[in-house]
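What follows is a single structure, written as structure tokens, with notes after it.
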Amino acid sequence: MTGHLKLLLLLTAMTGGFSMVQAKESLNPVAIAIHGGSGTLNKEDFSPEREQEVRQTLENAVRAGHAILSAGGTSLDAITRAITLLEDSPHFNAGKGAVFNSEGKNELDASIMDGASLDAGAVAAVHNVRNPVLLARAVMTASPHVMLMGEGAEKFGRQHGIEFEDDAYFYTEYRWQQLQKAQASPDPSASFLSESPDHWFSTVGAVALDSQGNLAAATSTGGMTNKQWGRVGDSPIIGAGTYADNRSCAVSATGHGEYFIRATVARNICSRVELQGQDLGQAAHEVVMGQLVEMGGSGGVIAVDRQGQIALTFNTPGMYRASIDTSGNVYVAIFRDE
Ligand code: ASP
């Protein structure tokens, strides 16, 4: 072995591998944003421990997604990873921490979309599925359909190795008390939406741009406390709660789903970017702070465009959110002014 070759091998070993270094240098910028819901919760409503745990979980999830992107992984894998971490946490209204419906069951909705192919998958009103985003992704990749619901979706999940948990796994005292409070309310519509400070939509979502320039978005939720009649919100509806298209942007929403469905919020934002040439921030602002507010709909969105610009836009006092931009800056926040 020549001295030159030895030196090269030594340097390669020291830097963690020649191909890795090269691969990293040739990667395009990546970006990711996540949300854990929007709402009217104020700082006083949080114990310091809960606030710290929520922030830490958001940071862990956004970093886990970003690690996949910065190693050259896909935006679909990055958002799936971030969302499963949030679904496994008791703090968010998705997976383990899902709210209860009027029958005391956790009824889950989720969707995912690939901006490169415009493939999408969604599930609505499924029970006992540990990670609904994985089931939505299986619908996208292993079925000829876009949306499956209820028992049929669960049967499909069992056939495709999706993990199920018993009811006890999804029980959290906090959510159970929210249901008791909602059911004790004399006004059935107020009980449906829950009252402040529980008027908090803590659905989870993620959007990402990967090094190949591909965008992806996904959303997962337990919907609304005390929901009845098989109510389904915007989260599993492609174009309302979730949308991704490489020609424009990727969006995941959180908020009062009925309004988000009628305003086709996610697609609406992407259309403005694609067809009107609007800047992502302006498009998100016009839809969330303009159109939705005029309709009376509260909530917010996270979005990323093909340049990696990020928008975290909400018309409520707070939104659980985190992002890592194309320069690697990490941002984690709950309340408006931070
Ligand atoms: N958008 C969800 C729904 O209406 C609720 C949420 O964001 O928490 O089901």
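The values are calculated or read from the model by the stated rules, or taken from the named source; none is laboratory data. Just so it is clear, the model here is predicted, and its values are computed rather than measured. Here the Cβ is made from the backbone with ideal geometry for all residues, glycine too, and neighbour counts use every protein chain on show. Please note that ligands, DNA and RNA were not included when accessible areas were found on the heavy atoms of the full protein model with its side chains. Shrake-Rupley method; radii C 1.70, N 1.55, O 1.52, S 1.80 Å.
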Is it the case that residue 230 is more than 16 Å from the chain's Cα centre (by Cα), part of a loop (DSSP other than H, G, I, E, B), crowded, with 21+ Cβ neighbours inside 10 Å and touching a residue at least 40 places away in the same chain (Cβ under 8 Å)?
no
Any idea which of (1) out of contact with any Gly (no Cβ under 6 Å at 6 or more places or on another chain); (2) closer than 23 Å to residue 94 by Cβ; (3) open to solvent by 60 Å² or more (accessible area, probe 1.4 Å) is the one residue 309 doesn't satisfy?
(2)
Can you find a residue in the stretch 71-81 that is outside any loop (DSSP other than H, G, I, E, B), surrounded by fewer than 23 Cβ atoms within 10 Å (Cβ to Cβ), in contact (Cβ under 8 Å) with a residue 24 or more places away in the chain and among the basic types (Lys, Arg)?
no
Here are some residues: 201, 192. Which one is at pLDDT below 95, surrounded by 16 or more Cβ atoms within 10 Å (Cβ to Cβ) and in contact with a Gly (Cβ under 8 Å, 6 or more places away or on another chain)?
201
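Of everything in the stretch 237-279, what is more than 16 Å from the ligand (Cβ to nearest atom) and either under 18 Å from the mean Cα position of the chain (by Cα) or assigned to a loop (DSSP other than H, G, I, E, B) (or both)? Give them in sequence order. Show your work before the answer.
In the first step, residues of the stretch 237-279 are kept if they are more than 16 Å from the ligand (Cβ to nearest atom); the result is 244-250, 270-279.
Those that are more than 16 Å from the ligand (Cβ to nearest atom) and either under 18 Å from the mean Cα position of the chain (by Cα) or assigned to a loop (DSSP other than H, G, I, E, B) (or both): 244, 245, 246, 247, 248, 249, 250, 270, 276, 277, 278, 279.
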(1) within 16 Å of the ligand (Cβ to nearest atom); (2) small (Gly, Ala, Ser); (3) in a helix (DSSP H, G or I): which one isn't true of residue 111, the others all being true?
(3)
Do we find a residue being within 21 Å of the chain's Cα centre (by Cα), within 16 Å of the ligand (Cβ to nearest atom) and at pLDDT 75 or above anywhere in the stretch 14-33?
yes
With the structure loaded, tell me whether residue 8 is open to solvent by 50 Å² or more (accessible area, probe 1.4 Å) and modelled with pLDDT under 95 or whether it fails that test.
yes
Cβ contacts < 6 Å: first residue farther than 16 Å from residue 323 by Cβ and among the charged types (D, E, K, R), restricted to the stretch 242-258; second residue open to solvent by 10 Å² or more (accessible area, probe 1.4 Å) and more than 16 Å from the ligand (Cβ to nearest atom), any location; separation 6+ or different chain. Result?
247/274
Tally of residues being under 19 Å from residue 87 (Cα atoms), at pLDDT 95 or above, in a helix (DSSP H, G or I) and not hydrophobic (A, V, I, L, M, F, W, C) across the stretch 159-186:
2
Check the stretch 130-144 and report whether any residue there is over 22 Å from residue 78 (Cβ atoms), open to solvent by 60 Å² or more (accessible area, probe 1.4 Å) and either part of a helix (DSSP H, G or I) or out of contact with any Phe, Trp or Tyr (no Cβ under 6 Å at 6 or more places or on another chain) (or both).
yes
Give the residues of the stretch 197-227 that are part of a strand (DSSP E or B) and within 12 Å of the ligand (Cβ to nearest atom), sorted by residue number.
200, 201, 204, 205, 219, 220, 221
